[in-house]
There are 2 protein chains.
Amino acid sequence: MISTSTGDYLKAIYDLASGEAWVSTSAIAQRLGVAPSSVTSMTQRLADHGYAVYIPYQGVRLTAKGREAALELLRHHRLLELYLERALGYPWDRVHEEAERLEHTISEEFEDRIDAALGHPTEDPHGHPIPPKHGAYREDPVESLWATRAGGPLVVRRVSDRDPEVLRYLDSVGLRPGARITVTGRAPFEGPLTIRSGGAEHVLGERLAEQIFVAPAGGGAGPGKRGPRELALGSEERSP
Amino acid sequence: MISTSTGDYLKAIYDLASGEAWVSTSAIAQRLGVAPSSVTSMTQRLADHGYAVYIPYQGVRLTAKGREAALELLRHHRLLELYLERALGYPWDRVHEEAERLEHTISEEFEDRIDAALGHPTEDPHGHPIPPKHGAYREDPVESLWATRAGGPLVVRRVSDRDPEVLRYLDSVGLRPGARITVTGRAPFEGPLTIRSGGAEHVLGERLAEQIFVAPAGGGAGPGKRGPRELALGSEERSP
DNA sequence: ACTCTAGTTTAGTTTCGCCTAAATATCATA
DNA sequence: TATGATATTTAGGCGAAACTAAACTAGAGT
């Protein structure tokens, strides 16, 4: 099996590449919190093992094999996040950290069983799609609330999962995937923006608005605010 | 946190010491499937870090710190085994392997949540007691069916969890913790023994009988054969 | 075209966990 | 008590994953 570190690099590269760009050494170093030189030697190793193509001074990109490994981990991660929330009652700001470690450790059987227990879900608690076990996968492009220029009503599609503080705040004001919002004001010179959501107004700075991803509302996009669904487990039969 | 390897060594030493004996290099090497020289250097490292006392050519024994770490892992392992069986429907012969990896990875929070979901259980699926989170812990001594000389009716208290084939067989003939049996015959010269259990007779060789641990029946020892209990999860409340 | 800087790579170490081969200690037994 | 078998340790090495410090590219700006 792939090591924890290797997996972390593959995930980071997959994520930073979003699409098909070359990923730079420093971007990976920053994301993973390691020295750039460490990244150089690791990317060389990844290339040696067929997970990536590496061109000095240009960057690195995943091969099909590398992408597959990254998606497997992403699937584990998102299934775990949802499972921790639904089955074990984790609050949504703490699922990321736990999933980050477990994703490298669980077996195929574990993956399959939580997938089944969850009813083969398609999205994690933060609105990210769960890659299917086999077959094609493309994340449909969404715009961050910070960057969007759309005028009409919007739906929150996803929020970034790796900042617990932000998640606690978003939860407290009801900004979860599916929430409907409207931008009611935008201060000049990249200033904070004001939104209306569920009758209340909120002012969001860059750090916050960058982590919220939206799409135009209407057209059956979102089911509205999702309630906390309960999960009854123990329904798998055991071998006699 | 402690590394996976370090944890495996601590568990092995704890297990092999059963009581307060010095554990030999070769015993650990055999248990973990590594070369004896690897064990020597690892035990030196364990001693350096205060997990064990090591005397060359005599062996190794855990310090209080080492024993604590080992028990923490043992608690994780047994809670996980039970959780995998109850909540995810794993058959009892496959829980050990999965728990063996996960025990090193789960957080305190995960431990606490599955403990609560299971209703603070005291025994794993194979009948081993689950060490409490805090406080004293002693495994009450049990005799293997192979070694016992007791004559009357017996109760199966535990079975070893690390041989899937044996577990499948035991399950198929109803020899789970709590089962009542009587030794009806014992072939000479360490030959197989015959037992009666639930109306049927079985002949058990050494390999099998060594992995079954029993106590005299009667005196409220066992609740009889335990049925497969179901577990309803999702009952933990989430933060608002 | 040249220079400067920011970004990258190379070189040299470290720690962990494992290995094989060789040396050495212990213990039982002749 | 000496010897030989068995157990254990030492020596030397390897691969993974990190680090720091030093050398080197590439590209922007003059």
Quiz prompt | Debye, to nearest 20: dipole size of chain B, +1 on Lys, Arg Cβ, -1 on Asp, Glu Cβ | solution = 600 debye
Self-check item: Packing-based ranking, highest mean first, of A:105-114, A:26-35 given that Cβ atoms within 10 Å are counted
Solution: A:105-114, A:26-35
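Tell me whether the range A:48-172 comes out rounded, prolate or oblate; compute the Cα gyration tensor, take square roots of the eigenvalues as a ≥ b ≥ c, and use a/c under 1.5 as the rounded threshold. Intermediate results must be reported in sequence, preceding the final value.
Details: a/c = 1.77, a/b = 1.14, b/c = 1.56.
Oblate, because a/c is 1.5 or more while a/b does not exceed b/c.
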Self-check item: Inter-site label distance for B:S3 and B:D163 at 7 Å from Cα along Cβ, in nm
Solution: 3.2 nm
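Classify chain B as rounded, prolate or oblate from the Cα gyration tensor: take a ≥ b ≥ c as the square roots of its eigenvalues, call it rounded if a/c is under 1.5, otherwise prolate when a/b beats b/c and oblate if not.
Details: a/c = 2.10, a/b = 1.19, b/c = 1.77.
Oblate, since a/c reaches 1.5 and b/c is not below a/b.
Among A:193-206, B:9-22, how do they line up from the highest to the lowest mean number of other beta-carbon atoms within 10 Å? Can you show the working numbers first?
Details: A:193-206: 15.0, B:9-22: 16.9.
Order by mean packing, descending: B:9-22, A:193-206.
Exposure proxy check: A:R207, A:R149 ranked by fewest other beta carbons within 10 Å?
Details: A:R207 11, A:R149 7.
Ascending Cβ contact count within 10 Å gives the list A:R149, A:R207.
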Quiz prompt | Packing rank of B:74-82, A:48-56, B:121-129, A:63-71, where each peptide gets the mean count of other beta carbons within 10 Å, highest leading | solution = B:74-82, B:121-129, A:63-71, A:48-56
Quiz item: What FRET efficiency comes out for the pair B:A150/B:H49, r = Cβ-Cβ distance, R0 = 51 Å, nearest 0.05?
Solution: 0.75
Practice problem: Largest first and in whole Å, give the semi-axes of the protein assembly as shown's equivalent ellipsoid, each being the square root of 5 times a Cα gyration tensor eigenvalue. | Solution: 50, 28, 20
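Across the residues of A:81-92, average count of Cβ atoms on other protein chains within 10 Å? Before the final figure, lay out each step's value.
On the way: counts 0, 0, 2, 3, 3, 4, 10, 13, 10, 6, 3, 2.
That average works out to 5.
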Self-check item: Amide hydrogen neighbours beyond the local backbone of A:D124, cut-off 5 Å, H modeled
Solution: A:I130
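Given the -39500 (n - 2.57) contribution per DSSP H run of 4+ residues, what per-residue ellipticity at 222 nm results for chain B, rounded to the nearest 500 deg cm²/dmol?
Working: 8 runs with 91 residues, N = 240.
The helix contribution divided over chain B gives -11500 deg cm²/dmol.
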Quiz item: So who's got an amide H within less than 5 Å of the one on B:A179, skipping anything under 5 residues away but keeping other chains? H placed 1.01 Å off N, in plane.
Solution: B:V156
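Bear in mind that the values in this text are calculations on the coordinates, not laboratory data. Since the structure is predicted, the reported quantities are computational estimates derived from the model, not experimental observations. FYI the Cβ positions are ideal-geometry reconstructions off the backbone, even for glycines, and counts take in every protein chain you see.
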